[in-house]
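A.B. asks: Handing you a structure now.
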Amino acid sequence: MLAFLVKRVGNAILVMLTVAFFAFLIFRFLGDPVELMVNESATQVERDELRARLGLNDSFLAQYVRFVGHAAQGEFGLSWRNQQSVATLIAERFPATFELVIIATLLSLLIGIPLGVFTAIGRGRWWAESLQLSSIVGVSLPSFFVGIILILVFSVSLGWLPGYGRGEVVKLGWWSTGLLTASGRAALVLPALSLSLFQITLVMRLVRAEMLETLRADFIKFARARGVKHRALWFRHALKNCLMPVITLTAMQVGNLIAFALVTETVFQWPGMGMLFMQAVTFVDIPVMAAYLCIVSFIFVTLNTLVDIAYAVIDPRLRAA
Amino acid sequence: MRFTRMTATGIALLALAMPAMAETLKWGASRDISSLDPYSYGDSFALGVLNHVYEGLVRYDRNLKLEPALATSWEIISPTTWRFHLRDGVKFHNGAEFTAEDVQASLKRASDPKSPLRGNIPAYKGSHVVDAHTIDIDVSANYPLLLNDLTTIYIFDAGWLKDNGAEAPTDVGAGTEGYATYHENGTGPFKVESRQPDAKTVFTRFDGWWDKPQHNIDRIEFTPIASNATRVAALLAGDIDFTDQAPVQDIPRLQGSSQVKVLEGTDLRTVMIGFSQRDQLIDGKPNLMKDIRVRQAMQIAIDLDLINKKVMRGKSRNAGALVAPQIPGYDAALDTPMKADPEKAKELLKAANADGFTFNFNCADTLVNEEQVCQAVASMWSRVGLKPQLDQGTRAVQTPKRSSGKVDVYTLGWATLPMLDTYSLTSQVLHTKEGSFGIFNWGGWSDKEFDKVTEASAVELDQAKRLAMEAQSLKIAKEHVLMIPLHQQPLAWATNSKIKDFPLFSDNLPRLWLVKM
């Protein structure tokens, strides 16, 4: 077991280093931040001095090694655009993204699971099939489009919900939450819905497939023969047997949602990490981009490693892998 | 019945109470300011926003003419020394008195080698305090544009800077944060109440402002909304009262709404096309654009009316001169847009032996509809037998190529900000690249006669003579087809129609202290 753990964690660190390496390779093609940082009338000498101060003249390998050295100590430097510590910037934005992702995940489970069950038990009926068909729309619509349509309908035409921002937030220590105020909760609805739409259809299709499988199992037939009520049969006996893969999928998808939240955040001006990253790209703010990529890949890698370890704990056969 | 009457009374009372209620203006901008420190990033937009909090010795009025602000008057006591008399009774937001010490500390901070704003006061050499309300500023030579430069040098409180260890500008290379990034202490009409980067910055009225307020705003909520569609939706839904970036393609829709008023004008920014004047193109082939006939042909191949109608939707203003009419030094006689004449262009190209001439055409993404403008121009050139190789990319990618001279033909938008004078264009774009001159002379153009006139205008203190010299510079540029002027960009702001008076500024910087709600 120890060897397995060491191997897994070693893999995770290797992945992180590779991500940072590629990130630094890409940064070279994003352009020159100095041209954006100085005033239009700065002289060439002033530009060169600034470039030297930022260490941009060094080879990308030297910049990469320096970054990894600092990052290992939790030191990401200062944002070139905001002149604030990158760690603080990301810590400020993290609660917004995290709340959005958690609410989107809850929505996807609360809506996706019942829909999955209904489409499974109503298989062949017109309402189940049309639900199933419309779920294709959810999978294929790009989320920026969904976001704009939601804003148009609920914010502009109906005027029910705000179309941008986070509303009023309450500070709990360093954490800021929008869940404790009415305007904060209202502001959360549209972005969470737009972010979760894809996830809802994913959960629904997964639950449906699993349910169809389980409903054919012998124990369901026996239960039915014993006269167990339909409702209890579907929701207690069958559904429970379908939830394992759903939980795994959800855990793995949290990382995805955090990464893809950047599209939703841009559309809804949600002040989260994705928004920060998008702005950093426009201004070639390398410290922010590097830190963001590392943190997101850290979340990904951690979730995957935890899932792997959990599997190994449950199933001894996997420990040899 | 009784209920109805009570409700009616309630509504009437509410209506009576309305004028006394706090007036809040919600400003939806297309981007956030990077910091509360005006000396942090060379960015005209951020300086414009922070002008509500900080002020300079002089400022621009409603018509973009210079007027006294923290200084009341000034005189030139020797060719290289200006004396400024400072306003009495000005208070900073923390209550400190404004004195000459503050001006000196601020100039020192702005001209620090690490300050990104250093380029804004190129001629500044030093200053000495004469008395509490008089200061002398030394400049390197006769320099007529000091006042223009000082509009963006905002004044900090010397004591506040010292107490918070912020006397020098924040150096991102050193990795330590600065106090002024998060805090402010200016003399301006508004104070910062709170700031959440990328979410909301709240400004409130400063009651101790020295000037008589023309505005009636108590509170400004500044929210960046980067996505055009979301910003337009927020305006239509009444979630914001004002945006300084109404997308060109959404203007008809906004005009169709009774809740929204669109303010349209033309920007000071003139969009133009520049040429390489080096002996060789970037691929090593001989540069035929050194022949004026080729440049002339490229100019008359472009149909400005078509670009105006199709690409800019009729909102731009065709340009014949390289600066906008509002800029000092503009000469109406030069502002005659060139008529398209593809046949003549073909003849000129044939005469210059430049049929099928292939060159690189570098375009970025910062001007209004820049990609479409470039595509249109490229196809107009192809029509007369030229072969432009369009190279499009983001500003951050294209600028290094441009400043290192790795371009043959390029676009440029020049608004002469923050100086607001033709000298900004002649000295930085058209003058030979040497020293602090010609930083944006990406084509490597050099003309002794032009340089002489431009340098003479730089030290001429007589306004009328100086403007005549600048017009002379522009005339030389036009005769030699140094650049092809295309148009002045459209400028569109949109406000909620309940706002009574909202002056539009062609430098694209809102001045909310002149707004009546």
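A.B. asks: Taking only Cα atoms, what is the 0 to 90° angle, nearest 10, from helix B:463-479's long axis to the longest principal axis of chain B?
C.D. replies: The angle comes out near 40 degrees.
A.B. asks: Work the Kirkwood hydrodynamic radius out for chain A: mean of 1/r over every pair of different alpha-carbon atoms, inverted, in Å.
C.D. replies: Averaging 1/r across every pair of different Cα atoms and inverting gives 22.7 Å.
A.B. asks: Restricting to DSSP loop positions (anything but H, G, I, E, B) with no more than 14 other Cβ atoms inside 10 Å of their own Cβ, which trypsin sites (Lys or Arg not before Pro) remain in the stretch A:230-307?
C.D. replies: none
A.B. asks: Once both labels are modelled 7 Å past Cα along the beta-carbon direction, what's the residue B:218-residue B:434 spacing in nm?
C.D. replies: Placing both labels 7 Å along Cα→Cβ, they lie 6.1 nm apart.
A.B. asks: Just to confirm my numbers, what's the Cα centroid distance between the stretch A:78-128 and the stretch B:412-447 in Å?
C.D. replies: Computed from Cα coordinates, the inter-centre distance equals 50 Å.
A.B. asks: Quick one: angle between helix A:273-282 and the longest Cα principal axis of chain A, in degrees between 0 and 90, rounded to 10, please.
C.D. replies: 40 degrees
A.B. asks: Please give every one of the lysines within straight-line cross-link reach of residue A:221, meaning a C-alpha to C-alpha distance under 19 Å, and leave out same-chain neighbours fewer than 8 residues apart.
C.D. replies: Within the straight-line cut-off, residue A:221 pairs with A:229, A:240.
A.B. asks: Would you check the accessible area of residue B:125, probe 1.4 Å, heavy atoms only, in square angstrom rounded to 10?
C.D. replies: Its heavy atoms expose roughly 140 Å² to the probe.
A.B. asks: So what's Rg/Rh here for the stretch B:55-103, counting alpha carbon atoms and using the Kirkwood radius for Rh?
C.D. replies: Taking Rh as the inverse mean 1/r over Cα pairs, Rg/Rh reads 1.02.
A.B. asks: Here's something else I'd like to know. Let me see the P(r) profile for the stretch B:365-517: every Cα-Cα distance counted, bins of 10 Å, each bin given as a percent of all pairs.
C.D. replies: Over the stretch B:365-517, the share of Cα pairs per 10 Å bin runs 9, 30, 31, 21, 9, 1 percent.
A.B. asks: Taking every residue in A:155-167, how many Cβ atoms of other protein chains lie within 10 Å of its Cβ, on average?
C.D. replies: Mean inter-chain Cβ contacts per residue within 10 Å come to 5.
A.B. asks: A further question follows. Excluding same-chain residues fewer than 8 positions from residue B:200, which lysines have a Cα within less than 26 Å of its Cα?
C.D. replies: Residue B:200 reaches A:171, B:26, B:191, B:261, B:498, B:500, B:516.
A.B. asks: Dipole size in debye (nearest 20) for the stretch B:460-514 around its Cα centre, Lys and Arg Cβ +1, Asp and Glu Cβ -1?
C.D. replies: 220 debye
A.B. asks: Still on this model: Which whole-number value in Å³ per residue fits the convex hull of the alpha carbons of the stretch A:53-196?
C.D. replies: 198 Å³
A.B. asks: Using the crude model of +1 on Lys and Arg Cβ and -1 on Asp and Glu Cβ, and no other charge, please compute the dipole size for chain B relative to its Cα centre, in debye to 20.
C.D. replies: 1620 debye
A.B. asks: Now, a different point. Could you list which residues have their amide H under 5 Å from that of residue B:487, counting only those 5 or more apart in sequence or on another chain, with H placed in the peptide plane?
C.D. replies: When sequence neighbours closer than 5 places are left aside, the close amide H contacts are B:271, B:319.
A.B. asks: Using a simple spin-label model with points 7 Å from Cα along the Cα→Cβ vector, what separation in nm is obtained for residue A:172 and residue B:465?
C.D. replies: With each label placed 7 Å out from Cα toward Cβ, I get 7.3 nm.
A.B. asks: Same structure again: How large is ³J(HN,Hα), in whole Hz, for each residue of the stretch B:94-107 in order, when computed from phi with the Karplus curve 6.51 cos²θ - 1.76 cosθ + 1.60 and θ = phi - 60°, using x for Gly and Pro?
C.D. replies: Whole-Hz 3J(HN,Hα) from phi for the stretch B:94-107: 8, x, 5, 7, 8, 9, 4, 4, 5, 5, 5, 4, 5, 5.
A.B. asks: Over both sides of the B-A contact, add up the buried accessible area with a 1.4 Å probe and give it to the nearest 100 Å².
C.D. replies: That pair of chains buries around 4300 Å² in total.
A.B. asks: Towards the positive end of the charge dipole of the stretch A:88-272, with charges on Cβ (+1 Lys, Arg; -1 Asp, Glu), say which of A:105, A:220, A:200 has the farthest Cα.
C.D. replies: Farthest towards the positive end: A:220.
A.B. asks: Obtain the nm distance between the two label points defined at residue B:336 and residue B:479 by a simple spin-label model: each point lies 7 Å from its Cα along the Cα-to-C-beta direction.
C.D. replies: Those two pseudo-labels are separated by 1.5 nm.
A.B. asks: Toward the positive end of the charge dipole of the stretch A:88-272, about the Cα centre and with charges on Cβ (Lys, Arg +1; Asp, Glu -1), which of A:237, A:139, A:128 goes farthest?
C.D. replies: After comparing all options, I get A:237.
A.B. asks: What relative contact order, as a whole-number percentage, does chain A give when Cα pairs under 8 Å and 6 or more residues apart are counted?
C.D. replies: In percent, rounded to a whole number, it is 27.
A.B. asks: Ok, one more. Using a 1.4 angstrom probe, figure out how much accessible area the stretch A:88-272 has per residue, in square angstrom, rounded to the nearest whole.
C.D. replies: 49 Å²
A.B. asks: Now for a different question. If I take every Cα pair under 8 Å that is 6 or more residues apart in chain B, average their sequence separation and divide by the length, what percent do I get for the relative contact order?
C.D. replies: Across chain B, relative contact order equals 19 percent.
A.B. asks: Let me ask something additional. Past 22 Å, Cα to Cα, is the threshold; run B:346/B:406; B:346/B:433; B:452/B:475; B:290/B:401; B:290/B:475 against it and keep the listed order.
C.D. replies: Cα-Cα > 22 Å for B:346/B:406; B:346/B:433; rest within.
A.B. asks: Give the long-range amide H neighbours of residue B:359: residues separated by 5 or more places, or on another chain, with amide H under 5 Å away, using H modelled in the peptide plane at 1.01 Å from N.
C.D. replies: Here the answer is B:387, B:389, since their amide H atoms fall under 5 Å of that of residue B:359.
A.B. asks: Ignoring ligands, DNA and RNA, please state the percent of accessible area on chain B from carbon and sulfur, probe 1.4 Å.
C.D. replies: Accessible surface attributable to carbon and sulfur in chain B totals 52 percent.
A.B. asks: I would also like to ask the following. Hey, which lysines would be in cross-link range of residue B:108, C-alpha to C-alpha under 16 Å, not counting anything within fewer than 8 residues on its own chain?
C.D. replies: B:125, B:162
A.B. asks: For chain B, count all C-alpha to C-alpha pairs, find those more than 37 Å apart, and express that count as a whole percent of the total.
C.D. replies: Pairs farther apart than 37 Å: 36 percent.
A.B. asks: Only protein chains counted, 1.4 angstrom probe. Which residues of the stretch B:384-411 are at least 40 Å² less accessible in the assembly than when their chain is isolated?
C.D. replies: SASA drop of 40 Å² or more in the stretch B:384-411: B:395, B:396.
A.B. asks: Taking each residue of B:218-225 in turn, how many C-beta atoms of other protein chains fall within 10 Å of its C-beta, and what is the average?
C.D. replies: Whole-number average of other-chain Cβ neighbours for B:218-225 is 2.
A.B. asks: Next up: Under the Kirkwood approximation applied to all pairs of distinct alpha-carbon atoms, what is the hydrodynamic radius of the stretch B:376-442 in Å?
C.D. replies: 13.7 Å
A.B. asks: Plugging the Kirkwood radius over Cα pairs into Stokes-Einstein for the stretch A:88-272, at a temperature of 20 °C and a viscosity of 1.002 mPa s, what D comes out in µm²/s?
C.D. replies: It diffuses with D of about 120 µm²/s by this estimate.
A.B. asks: Moving to a separate point now. Considering the Cα trace of the stretch B:286-407, what is its radius of gyration and what is Dmax, both in angstroms?
C.D. replies: 15.2, 40
A.B. asks: Using only the alpha carbons of the stretch A:13-118, determine the length spanned along each of the three principal axes and report them from longest to shortest in whole angstroms.
C.D. replies: Largest to smallest, the principal-axis extents are 69, 35, 26 Å.
A.B. asks: Still on this structure: For every helix of n ≥ 4 consecutive DSSP H residues, a contribution of -39,500 (n - 2.57) applies; sum these over chain B, divide by its total residues, and give [θ] at 222 nm rounded to the nearest 500 deg cm²/dmol.
C.D. replies: -7500 deg cm²/dmol
A.B. asks: What does the charge dipole of the protein assembly as shown about its Cα centre add up to, to the nearest 20 debye, if the Cβ of each Lys and Arg holds +1 and the Cβ of each Asp and Glu holds -1?
C.D. replies: The dipole magnitude comes to about 4100 debye.
A.B. asks: A follow-up question, please. Roll a 1.4 angstrom probe over the protein heavy atoms and tell me the percent of accessible area of the stretch A:88-272 that is carbon or sulfur.
C.D. replies: Roughly 70 percent of what the probe reaches on the stretch A:88-272 is carbon or sulfur.
A.B. asks: Taking only Cα atoms, what is the 0 to 90° angle, nearest 10, from helix A:182-215's long axis to the longest principal axis of chain A?
C.D. replies: 50 degrees
A.B. asks: Turning to a different aspect of this structure: May I ask for the distance between the Cα centers of the stretch A:173-205 and the stretch B:241-256, given as a whole number of Å?
C.D. replies: One Cα centre to the other: 29 Å.
A.B. asks: Taking a 1.4 Å probe, which of A:68, A:203 shows the most accessible area, and what order do the others take after it?
C.D. replies: The residues order as A:68, A:203, largest area first.
A.B. asks: Within chain A, which is the longest segment that contains none of the chymotrypsin sites (Phe, Trp or Tyr not before Pro) sitting in a DSSP loop with at most 13 other Cβ atoms within 10 Å?
C.D. replies: Longest site-free region, per DSSP loop and neighbour criteria: A:175-321.
A.B. asks: Assuming a viscosity of 1.306 mPa s and a temperature of 10 °C, what translational diffusion coefficient in µm² per second does Stokes-Einstein assign to the protein assembly as shown, Rh being the Kirkwood radius over Cα pairs?
C.D. replies: 52 µm²/s
The values are calculated or read from the model by the stated rules, or taken from the named source; none is laboratory data. These figures come from a predicted structure and were not determined experimentally. Using ideal geometry, Cβ is built from the backbone for each residue, glycine included, and neighbour counts are taken over all protein chains shown. The area values use the complete protein model at the heavy-atom level, side chains included, leaving out ligands, DNA and RNA. Shrake-Rupley method; radii C 1.70, N 1.55, O 1.52, S 1.80 Å.
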